[in-house]
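Reading through the structure tokens given below for one structure.
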2 protein chains.
Amino acid sequence: MRIEELDTPVLTVDLDIMERNLRSLGEYCQTHGLKLRPHTKTHKIPAIAKMQMASGAAGVTVAKVGEAEVMTSAGLDNILIAYPVLGRAKCERLAKLAQHNIIAVSLDSLEVAQGISEAATRSGSKVDLLVEFDVGMRRCGLQSVDAWVRLAQAVDQLSSVRFSGLMFYPGHIWDALSEQSPALENLSQIIEEIQSKAKHSGLNCGVVTGGSTPTAYNSHRVRGLTEIRPGTYVFNDMNETKAGFSQLSDCALKVQVTVVSNAVQGRAMIDGGSKTFSGDRLISGDKQGFGFVTEHPSVLFAAMSEEHGHLDLGASDRVGVGERLSIIPNHVCACVNMHNQIYYHRNGVVEGSWTVEGRGKLQ
Amino acid sequence: MRIEELDTPVLTVDLDIMERNLRSLGEYCQTHGLKLRPHTKTHKIPAIAKMQMASGAAGVTVAKVGEAEVMTSAGLDNILIAYPVLGRAKCERLAKLAQHNIIAVSLDSLEVAQGISEAATRSGSKVDLLVEFDVGMRRCGLQSVDAWVRLAQAVDQLSSVRFSGLMFYPGHIWDALSEQSPALENLSQIIEEIQSKAKHSGLNCGVVTGGSTPTAYNSHRVRGLTEIRPGTYVFNDMNETKAGFSQLSDCALKVQVTVVSNAVQGRAMIDGGSKTFSGDRLISGDKQGFGFVTEHPSVLFAAMSEEHGHLDLGASDRVGVGERLSIIPNHVCACVNMHNQIYYHRNGVVEGSWTVEGRGKLQ
């Protein structure tokens, strides 16, 4: 079957492109002695996580205990839950996972560490804990090195957990391509200061995990970094492409849609809106549009309803009812999360489909 | 079990509020002789659709064939698919549904009508067709009355379908509360002109279906309207509330979340972001924030990552790690679509849960 025969709207992944993306970053990390721990939030599919492991990943990252359960059920191990796991129910599930798997959790409060420690003690398991530092995103993480060291020391005293290092998320850094990236230099200085004070305090901060897709190929410029956690690089999307971190030809995932109406002057409606693409706006480049229409580069994907994509046609564009289009989404992680299934293909020939097994595992 | 014992993030619905919302609009429609055909995209749950039927609805609306299949499988009948159904696979499924159910479809092109007619002929069923007119939203619908009449006449000639009337969607109208709403008056004039020309052309335009939640309680001011299709009214949300169409006390659905971090000065992170709430921004009122934090009205839900909600605390706000909050989402239809389950309660006592059966039925 060819992708043109799949009913729309539907997600398709070009395996050749995806495999090239995986291989490329795997080789980069090997060259620079960096561990690669991809964030699987982008796809939530164990089969892809296994392909990432085969391409050199040392383990995977997830956001939720439920996602970790999906991954371990499929046979994956060595999982970082890059999220403060809180509350008795979640901690019990976490501790249970840690009985048979290597599980790490990031946190920035003693409350979270204590809850995990208590559950792990009850279940007789051991959980690795990373203490998060805020490198400028203002989301999670301690904001002073002294506070970071104090929490790391307190974590180090708890039973049934192992303090294992520093975690940060540089999600605000989009200047990594510049030769003099002040943000990357700032990261290096933070890591050096933390490592120095940690050593002075008798802490063994063996893991320093950071990294996103926009910083991925410049991670070697961050002194002291041991591991990166990019997610989007597996598929890429318009946010990455408009920012210069990928090319259109690196975008492995497309949304296949059909034009269902062109009755309104200057417009065409496709059979996917915010419940197909997600409502995420473009956050890089000209910040215009909700996706790139590969067949009609001059068409602006101008607006979305829940089930309609509103295309604004230029003066010369002609789009007929029934025409199929393939669109690269703005934010592929959010787009995948709307779907239960993704079809994969080579040169347009469908080879199979994956279930998005981690979707909706919010707890 | 009380809702405070449910693990977070999780959606909860207050049955008393929801039942009051259903009863209130049911009574309004009965008073004014309007048919009520709620759009079930808001909840995608057959059990709620049945409650809407019990509160006076004449049938239901869905957006996709897959959603219609979910509803008919659960025993619902008389379904409008308010969407141009296109392509052989979908038309076959549609025609099959129409063998045992009353099914209507809206469209604005002959291509769509022909595909449905052919599939219905093959399966020996009959489908009702509504021709859509664009009343100003510039999404779907013919834009001139003459073009509308021509398409209606062509539809009327096709086999195995019944032309049954006019459909429009006034999703752009937010001034329905004003005594002199030019937009409502404009609707009346469009309907009158269409009815007049339809009659002149020998068309029986028996159904005139419009209506949204923002226009719902002013539908009696639209001359010639026979039916409305509001969706959001079942739960309400911040978009409706900030625009004055509902009160906070009419909002039946809340997102129960937990504070997982407050390490960053002036901020607190909750365990739900765009994959819990949807990324939909507020489109009414001050257009600020991603949801209303009922316990801390002065806290601004300022930003979202996929799994983090970023709360900006005012000078006097104190929010501890582990604190539970209940948040009214901006756009409840998009929020529900992120979840597999909704718990319902009375006065905080959980009575059960519904599966969001229509979620992900995009085709």
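Brief remarks on what is shown
- Shielding score for A:81-93, defined as the mean number of other chain Cβ atoms within 10 Å: 3
- Distances between copies of residue B:199, taken at a point 7 Å out from Cα along the Cα→Cβ vector and listed shortest first: 9.1 nm.
- Applying a DSSP loop filter and a limit of 16 other Cβ atoms within 10 Å to the GluC sites (Glu not before Pro) in the stretch A:294-358 leaves A:295, A:323.
- The stretch A:334-363 versus the stretch B:184-232: alpha-carbon centroid distance in Å: 41 Å
- Local electrostatic count at residue B:142 - Lys and Arg +1, Asp and Glu -1, tallied over other residues with Cβ under 10 Å: -3
- Per-copy distances of the residue B:178 label point, shortest first, in nm (7 angstrom along Cα→Cβ): 4.6
- A:219, A:123 arranged by Cβ crowding within 10 Å, fewest neighbours leading: A:123, A:219
- If you sort the three axes of the alpha carbon gyration tensor as a ≥ b ≥ c, you get a/c of 1.5 or more for the stretch A:290-363 and a/b no higher than b/c, which makes it oblate.
- Farthest positive-ward along the stretch A:15-234 dipole, Cα basis, beta-carbon charges - from A:135, A:189, A:21: A:21
- Shielding by partners - mean other protein chain Cβ count within 10 Å, residues of A:263-275: 6
- Taking label points 7 Å from Cα along the Cα-to-Cβ direction, residue A:24 and residue B:122 give a separation of 4.2 nm.
- Lysine pair count for the stretch A:15-234 [Cα-Cα under 17 Å; pairs on different chains or 8 or more apart]: 8
- Axis-nearest residue in chain A [Cβ, rotation onto B], distance in whole Å: A:279, 2
- Residues A:90, B:242, B:50, arranged from fewest to most other Cβ atoms within 10 angstrom of their Cβ, appear as B:50, B:242, A:90.
- Taking N as its residue count, the alpha carbon Rg of the stretch A:15-234 over 2.2 N^0.38 Å: 0.98
- Each other residue within a Cβ distance under 15 Å of residue B:49 adds +1 if Lys or Arg and -1 if Asp or Glu, for a net charge of +3.
- Modelled spin-label separation between residue B:101 and residue A:220, with each label point placed 7 Å from Cα along the Cα-to-Cβ direction: 5.9 nm.
- Degrees, to the nearest 10: A:145-157 long Cα axis against longest axis of chain A: 70 degrees
- 7 Å along Cα→Cβ, label-point gaps from residue B:322 to other copies, nm, shortest first: 6.4
- Each Lys or Arg adds one and each Asp or Glu subtracts one; over the other residues with Cβ under 13 Å from the Cβ of residue B:238, this totals -1.
- Residue exposure sequence - A:79, B:102, B:190 - by fewest surrounding Cβ within 10 Å: B:102, B:190, A:79
- Calculated [θ] (222 nm, deg cm²/dmol) that DSSP helices of n ≥ 4 give over chain A, each run adding -39,500 (n - 2.57): -9000 deg cm²/dmol
- Sequence-distant residues sharing a close amide H with residue A:267 (under 5 Å, placed H): A:313
- Cα centroid separation - the stretch A:11-32 against the stretch A:96-156, whole Å: 31 Å
- At most 15 other Cβ within 10 Å, DSSP loop - trypsin sites (Lys or Arg not before Pro), the stretch A:314-363: A:318
- Label sites at residue A:58 and residue B:295, each approximated as a point 7 angstrom past Cα along Cα to Cβ, lie 3.8 nm apart.
Where a number appears in this text, it was derived from the coordinates with a stated rule and is not lab data. Keep in mind that what you see is a predicted model, and the values were worked out from it rather than measured. Cβ: placed from backbone, ideal geometry, glycine included. Neighbour counts: every protein chain shown.
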